[in-house]
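Beneath this line is the structure, given in structure tokens, with notes to follow.
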């Protein structure tokens, strides 16, 4: 495994690599046995975000956590070799799931991992049994939400390159403002930024921001629209939402949209928590997940 300077104490896992159809290798964790939890991270994080979840859940569950291509310990190909678009990322997850033979999946989704995972779920509803969401979306920007100026600047040609790939501003600022209850210490902040040490390694961070579709002319709009209009097929699946309301992007406007779309979802909302809810809440969030999973066990087929 590539050494990016994160200590074994913080990230005590030996991951595996899967060469995908487009040749880039996806790094993923596959820990424990039992019902499958497939946890998808967002931007600008990596599988490190789920380190405590893996450590806590692997005694009861099989926990699979990939690094999206361009992120974490996965390959970071050039644009000619990889599209860095939402649909490709969904296809990457589908390929990983098929390779590992995963079924009866519980999705654990955060940030961009939500759109990727929910697109996967809408395309493969028979594989998904339960869903846990944290500060994410499965639909376009709500009408009540203004697109943040920081993201607008980050998408501006040349300026965005300088900010995100030159100064690492997106990952740097996220490591500072992503939590509200508990400020991350310098070691944790460095660990989150470790895979994105230079211009080349920050390509995916920038591409994720550029790929946010705001209208029909944007390349990933079709996939977001598909997921947006197919979310109803997930309504009957047990769903838990754990939310930090002081997220500068995924704020109450997104949470209210989830309340409207998924009236049966179990919601735990924290007015003073931030975007990195697993850092802000720590064991409390994981305990909520454990309780949810125990109260919504997978159906077992009785042999006749």
Within segment 258-272, is even one residue in contact (Cβ under 8 Å) with a residue 60 or more places away in the chain and under 23 Å from residue 46 (Cβ atoms)?
-> no
Can you name the condition, by its number, that residue 273 falls short on among (1) assigned to a helix (DSSP H, G or I); (2) in contact with a strand residue (DSSP E or B) (Cβ under 7 Å, 6 or more places away or on another chain)?
-> (1)
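For the condition out of contact with any strand residue (DSSP E or B) (no Cβ under 8 Å at 6 or more places or on another chain), without any contact (Cβ under 8 Å) to a residue 24 or more places away in the chain, surrounded by fewer than 24 Cβ atoms within 10 Å (Cβ to Cβ) and under 30 Å from residue 245 (Cβ atoms), what is the one hit in 146, 126?
Working: 126 fails: under 30 Å from residue 245 (Cβ atoms).
Result: 146 is the single residue among 146, 126 that is out of contact with any strand residue (DSSP E or B) (no Cβ under 8 Å at 6 or more places or on another chain), without any contact (Cβ under 8 Å) to a residue 24 or more places away in the chain, surrounded by fewer than 24 Cβ atoms within 10 Å (Cβ to Cβ) and under 30 Å from residue 245 (Cβ atoms).
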Answer yes or no as to whether residue 160 is without any contact (Cβ under 8 Å) to a residue 60 or more places away in the chain and not in a helix (DSSP H, G or I).
-> no
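Out of curiosity, is residue 109 part of a strand (DSSP E or B) and either surrounded by 18 or more Cβ atoms within 10 Å (Cβ to Cβ) or touching a helix residue (DSSP H, G or I) at 6+ places or on another chain (Cβ under 6 Å) (or both)?
Details: part of a strand (DSSP E or B): yes; either surrounded by 18 or more Cβ atoms within 10 Å (Cβ to Cβ) or touching a helix residue (DSSP H, G or I) at 6+ places or on another chain (Cβ under 6 Å) (or both): yes.
Answer is yes for this residue.
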Filter result (buried (at least 18 other Cβ atoms within 10 Å of the Cβ), without any contact (Cβ under 8 Å) to a residue 60 or more places away in the chain and under 24 Å from residue 190 (Cα atoms)) within segment 14-48 = 15, 27, 29, 47
Just a yes or no: is a residue in segment 234-241 touching a helix residue (DSSP H, G or I) at 6+ places or on another chain (Cβ under 6 Å), within 24 Å of residue 2 (Cα to Cα) and surrounded by 15 or more Cβ atoms within 10 Å (Cβ to Cβ)?
-> no
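Mind telling me which of the residues 92, 79 ends up being surrounded by fewer than 18 Cβ atoms within 10 Å (Cβ to Cβ) and farther than 27 Å from residue 268 by Cβ?
Numbers: 92 fails: surrounded by fewer than 18 Cβ atoms within 10 Å (Cβ to Cβ).
Just one listed residue meets the conditions, 79.
FYI, it's all coordinate maths here, none of it is from the lab. Quick caveat, the model's predicted, so the values are computed rather than measured. Using ideal geometry, Cβ is built from the backbone for each residue, glycine included, and neighbour counts are taken over all protein chains shown.
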